[in-house]
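Following: one structure in structure tokens, then a few remarks.
The values are calculated or read from the model by the stated rules, or taken from the named source; none is laboratory data. Please read all numbers here as calculations on a predicted model, not as lab measurements. Here Cβ is always computed from backbone atoms with ideal geometry, including for glycine, and neighbour counts include all displayed protein chains. The area values use the complete protein model at the heavy-atom level, side chains included, leaving out ligands, DNA and RNA. Shrake-Rupley method; radii C 1.70, N 1.55, O 1.52, S 1.80 Å.
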Amino acid sequence: METEPQTDEGSLEVVRRRDLGVAARWQRIWAIVADLALHLTVALLVASRLDFPFLFTAVAAYSVVSFVHRVPLQSWWGTTTGRALFGLRCVVEATGGKATLGMLLKEWLLSCWLLIFAAYPLVDAIPN
């Protein structure tokens, strides 16, 4: 009884929807900008409507919207709204298949970590 060799999940790649060719850099950048704008818009709307401290509510709402959009919804749809606007999707590099929830969660956590380290010097530079 033969079994298939076990392979690593591999890494994620953003590709053009039709031919699986690697997406152009400008397409990836504008797709990210569109997704960030969507997350920020929803977060600011939620924060302006709730009677809680604005900054805390905005950060919490942004985190929730970002997570829901980039992990479960992307797993279900195969793309985010920004990527869909530019005809892109996220696939497993080795197989070309849809990304798993675990892979998307790992990518989301990494992006949060990078955002914190990118934003920290900016927040620290604000005078008291």
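Quick notes on this one:
- Among the residues of the range 73-89, those that are surrounded by fewer than 16 Cβ atoms within 10 Å (Cβ to Cβ), at pLDDT 90 or above and over 12 Å from Ala34 (Cβ atoms) comprise Leu73, Trp76, Trp77.
- Residues located in the range 99-113, provided they are touching a helix residue (DSSP H, G or I) at 6+ places or on another chain (Cβ under 7 Å) and under 18 Å from Tyr62 (Cα atoms): Leu104, Trp108
- Residue count, the range 46-72 (criterion: open to solvent by 50 Å² or more (accessible area, probe 1.4 Å) and either β-branched (Val, Ile, Thr) or without any contact (Cβ under 8 Å) to a residue 12 or more places away in the chain (or both)): 13
- Cβ-Cβ under 7 Å pairs, at least 6 apart or on other chains, the range 94-123 side aromatic (Phe, Trp, Tyr), far side outside any helix (DSSP H, G or I): Trp108/Val71
- With respect to the conditions (1) over 18 Å from Tyr62 (Cα atoms); (2) without any contact (Cβ under 8 Å) to a residue 12 or more places away in the chain; (3) not hydroxyl-bearing (Ser, Thr, Tyr), Gly87 lacks only one, and its number is (2).
- Failed criterion for Cys90 (all others in (1) under 12 Å from the mean Cα position of the chain (by Cα); (2) farther than 14 Å from Glu13 by Cα hold): (2)
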